[in-house]
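Visitor: Following this message is one structure expressed as structure tokens.
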Amino acid sequence: MKSSSVLALLFVLLKSAIAQPIFSLHEQGEAPSRSYNVLHYKIEVSLDEQQKTVKGKVATTLLPFIDDFKTIEFDAEQMKIDRVTLAQTKDLRFETGEKKLTIHLDRSYSPKDTLIVSILYSCSPKKGMFFNEPDSGYPTKRWQIWSQGEDMTNHFWFPCYDFPNDKATSEVIATVKNRLTVLSNGKLVSVKEDKKNGTKTFHWMENKPHVSYLIMVAVGEYTVLRDNAGKLPLEYYAYPDDTLNARICFKQTPDMIKFFNDKIGFAYPWEKYGQILLQDHFGGMENTSATTLSDVATVYDARVRVDNSPTSLIAHELAHQWWGDVVTCKDWRHIWLNESFASYFDPLYHEYWLGRDEFDYSMYNNQQSGINVDTSRGRKPIVSVQSYGENIYPRGSAVLHMLRFVLGDQLFWKAINHYITKYQFTPVETNDLKLAIEEATGQNLYWFFDEWVYKAGHPIFDVSYIWSDSAKAIFLSVKQTQTIDSLTGVFRMPIDIELTSPSGTSTHRVEVLGKDTTYTIPSPAKPELVIFDKGNWLLKELKFEKPPEEWKFQARNATNPIDRIRALQQLSSLSESVDVITVVADRALHDPLWAVRREAVVRLGKIDAKADSSKDQIKRTLIAAYKDVKASVRDAAVSQMSKFKGADVVAFLHEALKDSSYNVMSNALRSMAKADSMNARELLRTYLDYPSFRDRVANAALSALATLDSVQVIPLAISKAKYGQPVTTRYSALGVLSKYGKGREDVLALYSSLLSDKNDGIKSTAARTLGDLGNEGIIPTLETIANDKDNSASETAKGSIEKIKKRTSGK
């Protein structure tokens, strides 16, 4: 599962949403004990998109684990159970509780018996299934129905064993209006039309076992674009009015499947691979053989593709077909076995497609996310109850990257193949991975899993060196300065040290075992450059004491782009000098990797230039960088131009408003508000309704205008935050109001009204903001939300009540 990185704002709001799912989870995180093993689910449902109802029958085939098996318990919430039968003939007594359906069998059964229990039911799901429909606020919205089983919400639309420590085959037989199409798991067995009733029934069959949360159904009006990866059929469920862009955006799917097949050494096992676009979806969900995807994060027109690519999202969800679907975490403490693997295989595909530099930059960003969460949210092990999303996605991928370094490529890929081959179609936990590695490689990696997976934190290295002419060596001092406690110890890792001198380059591996160690490394000549952690394999913070000349040399000559980025970060913090600006400017215009060029542009803006000549040099470089073919570099140049003023700056920003990139246009407006604040108001007003992807340009105009005239903007922001406006416009407007609307009754009234909004994200945002802006008078309204366990904003409202009480009590 992944929340779209493209929709950064929605990522923060939803995957707090994948970015990352908000798990309800078993009480302690561990898998519950089972009294039976499900073999097969046969789910027959009639779905009514207008009434938002499900009428169904599920026949579950199961084997008891125990003798004297008399009672079956299924997960089932908010359902009307009409009838339960055994073998479709014997009626059975049953009881419905708040979360469970308890069935009393007619006699005792044993592990020798195979039982088929049928349940006739109906429901109007509040979770686990979503019904999209047009309304007065959004009259062009599409009719859609889609399920979302992860973490444990499929039991809101069919009774089942809803925990990932059991796998079964499944079939879904779904009846819908005849204008609609149904996608589900596995192979399409048949489509039958009932012209009298105006319906179609789609029969899908998945013949290989998978966990119940991966069972899915998605319904809507689609054109099915067909493709193949060898003999594997591929299906792209596209909107009929945008098939050309859908074909372009999905076109790399066959190549991805071939790459994953070859790299993992385990061929894609499912009957087909379908991908379906959905409105109001959070990002992507890896249902077995049938991935659901956010339409706005997946299919873009040519202009939007200047800034955005769906490749990462598509690759991540596809990788889950192995990591999460073939092997699935046994309980939620081990979900990194799903998400971290997918978050590593996505960059691996980009390495294959775009080259090693792109891969290294992706992994660097993942490492930084893993580092930042330790500071922003506190240290927490990857394997733990409700571990952070940043831990199980980017940090976990960085841990796998280090595992690859420790083992070496040959043993790493041997271990990965053995792991998935041994545990195919079964639930797994972290120890299964460790044991598979030991069996495949002979390596005991207890220490690695202990420090990186079961404990928390990361090493903070303080590194320095001196060169000895007499010893013809460098003495490399390596200190670990992180806090040492029960969560974080002294890290043990092999590290490669690269020395560059006029006579050439050499690499030396050292074993870091202690808190403070000095290593002697041979160096016949004084090094021009010393790199600590060649290849940037380690999740780490690094303080490396070097003279400015070495940082300049590193910025120009380091082979790995991350080493060049680190050098630019150091140089920009030095005192203003012509040499430093010249080196950073050179990288901004001439580095072979766009990410380094972008970093150099950003770092130019951070240099505290005092001299007019230095300012002019930086400004000229930013103007030159705007010619870059990569939109993200142009975007950075336009953003940094906000630090300058003058007619030439204004003219430059007006030119940037003609850019093909919506991001560049948006930052041109933000920079204009700073560079020409006296005259920018009218310009910004002309862009308040500018049509762009997700209204990015108009939202930038609104937020920029608020920095100049917040009093006048607040009424406009209130109108743009209301139901019926584009959802990203609403979030942008709410951001303005939360910043500038404190103490205003009209703003508080708006937020109060949004507590009953149809959009769950908006509703939660309102509840959260009221915790910051509200007073005691809003507490009764928040309490109503907090006490409604089915309200998506319930937990947020509880937190806001506590914030208001604490603030108003003066504590």
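Visitor: So which residues in the range 198-215 are open to solvent by 10 Å² or more (accessible area, probe 1.4 Å) and part of a strand (DSSP E or B), if there are any at all?
Guide: Thr199, Lys200, Thr201, Phe202, His203, Met205, Asn207, Lys208, Pro209
Visitor: Taking the conditions exactly as written (farther than 30 Å from Thr291 by Cβ and out of contact with any strand residue (DSSP E or B) (no Cβ under 7 Å at 6 or more places or on another chain)), does Asp67 satisfy them or not?
Guide: It is true that Asp67 is farther than 30 Å from Thr291 by Cβ and out of contact with any strand residue (DSSP E or B) (no Cβ under 7 Å at 6 or more places or on another chain).
Visitor: When you scan the range 337-359, do you find a residue that is at pLDDT 95 or above and more than 27 Å from Lys258 (Cβ to Cβ), even just one?
Guide: No, there is no match, as no residue in the range 337-359 is at pLDDT 95 or above and more than 27 Å from Lys258 (Cβ to Cβ).
Visitor: Another question, if that's okay. May I ask you to verify whether Asn372 is open to solvent by 10 Å² or more (accessible area, probe 1.4 Å), part of a helix (DSSP H, G or I) and touching a helix residue (DSSP H, G or I) at 6+ places or on another chain (Cβ under 6 Å)?
Guide: No: the conditions fail for Asn372.
Visitor: When you go through His590, His654 one by one, which is the residue that is under 29 Å from Ala717 (Cβ atoms) and either within 32 Å of the chain's Cα centre (by Cα) or open to solvent by 70 Å² or more (accessible area, probe 1.4 Å) (or both)?
Guide: Going through His590, His654 in turn, the sole match is His654.
Visitor: Looking at the range 782-802 only, could you name the residues that are open to solvent by 20 Å² or more (accessible area, probe 1.4 Å) and small (Gly, Ala, Ser)?
Guide: Ser792, Gly799, listed by residue number.
Visitor: Within the range 375-411, count every residue that is basic (Lys, Arg) and open to solvent by less than 20 Å² (accessible area, probe 1.4 Å).
Guide: Summing the residues that are basic (Lys, Arg) and open to solvent by less than 20 Å² (accessible area, probe 1.4 Å) in the range 375-411 gives 2.
Visitor: Something else now. Which residues, taken from the range 172-181, are touching a strand residue (DSSP E or B) at 6+ places or on another chain (Cβ under 8 Å) and open to solvent by 20 Å² or more (accessible area, probe 1.4 Å)?
Guide: If the condition is that a residue be touching a strand residue (DSSP E or B) at 6+ places or on another chain (Cβ under 8 Å) and open to solvent by 20 Å² or more (accessible area, probe 1.4 Å), then Ile173, Thr175, Lys177, Asn178, Thr181 are the ones that fit.
Visitor: Quick check: is even one residue across the range 698-708 open to solvent by 50 Å² or more (accessible area, probe 1.4 Å) and either in contact with a strand residue (DSSP E or B) (Cβ under 8 Å, 6 or more places away or on another chain) or not in a helix (DSSP H, G or I) (or both)?
Guide: no
Visitor: Can you confirm whether Ser190 is touching a strand residue (DSSP E or B) at 6+ places or on another chain (Cβ under 9 Å) and either over 30 Å from Leu101 (Cα atoms) or of a type in the set (D, E, K, R) (or both)?
Guide: Yes.
Visitor: May I ask you to list the residues in the range 766-780 that are touching a helix residue (DSSP H, G or I) at 6+ places or on another chain (Cβ under 6 Å) and not hydrophobic (A, V, I, L, M, F, W, C)?
Guide: Scanning the range 766-780 gives Arg768, Thr769, Gly771, Gly774, Glu776.
Visitor: State all residues of the range 360-383 that are at pLDDT below 95 and among the hydroxyl-bearing types (Ser, Thr, Tyr); if no residue qualifies, say none.
Guide: The answer is Thr375, Ser376.
Visitor: In the range 61-112, what residues are polar (S, T, N, Q) and either surrounded by 11 or more Cβ atoms within 10 Å (Cβ to Cβ) or in a strand (DSSP E or B) (or both)?
Guide: Thr61, Thr71, Gln78, Thr85, Thr96, Thr102, Ser108, Ser110
Visitor: Among the candidates Val736, Val711, single out the residue that is over 21 Å from Val296 (Cα atoms) and at pLDDT 95 or above.
Guide: Val736
Visitor: Pick from Leu529, Leu539: which is farther than 16 Å from Tyr465 by Cβ and either of a type in the set (A, V, I, L, M, F, W, C) or open to solvent by less than 50 Å² (accessible area, probe 1.4 Å) (or both)?
Guide: Answer to the selection: Leu539.
Visitor: Looking for something open to solvent by 90 Å² or more (accessible area, probe 1.4 Å), among the hydroxyl-bearing types (Ser, Thr, Tyr) and out of contact with any Lys or Arg (no Cβ under 9 Å at 6 or more places or on another chain) - is there at least one such residue anywhere in the range 117-136?
Guide: Checking the range 117-136: at least one residue is open to solvent by 90 Å² or more (accessible area, probe 1.4 Å), among the hydroxyl-bearing types (Ser, Thr, Tyr) and out of contact with any Lys or Arg (no Cβ under 9 Å at 6 or more places or on another chain).
Visitor: Still on this structure, please answer the following. Just checking, how many residues over the range 412-422 are open to solvent by less than 30 Å² (accessible area, probe 1.4 Å) and not small (Gly, Ala, Ser)?
Guide: Count: 4.
Visitor: Also, I was wondering about something else. Looking at the range 464-514 only, could you name the residues that are among the aromatic types (Phe, Trp, Tyr) and in contact with a His (Cβ under 8 Å, 6 or more places away or on another chain)?
Guide: The one that is among the aromatic types (Phe, Trp, Tyr) and in contact with a His (Cβ under 8 Å, 6 or more places away or on another chain): Phe491.
Visitor: For the range 260-284, give me each residue that is open to solvent by 20 Å² or more (accessible area, probe 1.4 Å), among the aromatic types (Phe, Trp, Tyr) and over 20 Å from the mean Cα position of the chain (by Cα).
Guide: Phe266, Tyr268, listed by residue number.
Visitor: In the range 117-160, what residues are in contact with a helix residue (DSSP H, G or I) (Cβ under 8 Å, 6 or more places away or on another chain), at negative phi and assigned to a loop (DSSP other than H, G, I, E, B)?
Guide: Pro125, Lys126, Lys127, Gly149, Glu150, Asp151, Met152, Thr153
Visitor: I'm told Gln554 meets every condition in (1) closer than 30 Å to Leu688 by Cβ; (2) in a helix (DSSP H, G or I); (3) open to solvent by less than 40 Å² (accessible area, probe 1.4 Å) except one. Can you identify the failing condition by its number?
Guide: Every condition holds for Gln554 apart from (1).
Visitor: Also: Do we find that Leu39 is open to solvent by 10 Å² or more (accessible area, probe 1.4 Å) and part of a strand (DSSP E or B) in this structure?
Guide: yes
Visitor: If a residue must be in a loop (DSSP other than H, G, I, E, B) and either of a type in the set (Ser, Thr, Tyr) or open to solvent by less than 10 Å² (accessible area, probe 1.4 Å) (or both), how many such residues does the range 285-309 contain?
Guide: Summing the residues that are in a loop (DSSP other than H, G, I, E, B) and either of a type in the set (Ser, Thr, Tyr) or open to solvent by less than 10 Å² (accessible area, probe 1.4 Å) (or both) in the range 285-309 gives 7.
Visitor: Something else: Which one is farthest from the chain's Cα centre (by Cα) among residues in the range 621-642 that are surrounded by fewer than 19 Cβ atoms within 10 Å (Cβ to Cβ) and not small (Gly, Ala, Ser)?
Guide: The extreme case among them is Ile623.
Visitor: Consider the range 515-551. How many of its residues are over 30 Å from Asp579 (Cα atoms) and in a strand (DSSP E or B)?
Guide: Of the residues in the range 515-551, 7 are over 30 Å from Asp579 (Cα atoms) and in a strand (DSSP E or B).
Visitor: Anything in the range 674-685 that is open to solvent by less than 100 Å² (accessible area, probe 1.4 Å) and not in a loop (DSSP other than H, G, I, E, B)? List them, or say none.
Guide: Correct list: Ala675, Ala680, Arg681, Leu683, Leu684, Arg685.
Visitor: I'd like to know if the range 258-274 contains one or more residues that are closer than 23 Å to Thr169 by Cα, modelled with pLDDT of 95 or more and either of a type in the set (Val, Ile, Thr) or part of a strand (DSSP E or B) (or both).
Guide: Yes; the residues of the range 258-274 include at least one that is closer than 23 Å to Thr169 by Cα, modelled with pLDDT of 95 or more and either of a type in the set (Val, Ile, Thr) or part of a strand (DSSP E or B) (or both).
Visitor: So which residues in the range 306-317 are more than 25 Å from Trp270 (Cα to Cα) and touching a helix residue (DSSP H, G or I) at 6+ places or on another chain (Cβ under 8 Å)?
Guide: Result: Val306, Asp307, Asn308.
Visitor: A further question on this structure: Anything in the range 225-251 that is aliphatic (A, V, I, L, M) and open to solvent by 40 Å² or more (accessible area, probe 1.4 Å)? List them, or say none.
Guide: Leu244, Ile248 - these are the residues of the range 225-251 that are aliphatic (A, V, I, L, M) and open to solvent by 40 Å² or more (accessible area, probe 1.4 Å).
The values are calculated or read from the model by the stated rules, or taken from the named source; none is laboratory data. Note that the coordinates shown come from a computational prediction; the quantities given were computed from them, not determined experimentally. FYI the Cβ positions are ideal-geometry reconstructions off the backbone, even for glycines, and counts take in every protein chain you see. All accessible areas refer to the heavy atoms of the entire protein, side chains included, with ligands and DNA or RNA removed. Shrake-Rupley method; radii C 1.70, N 1.55, O 1.52, S 1.80 Å.
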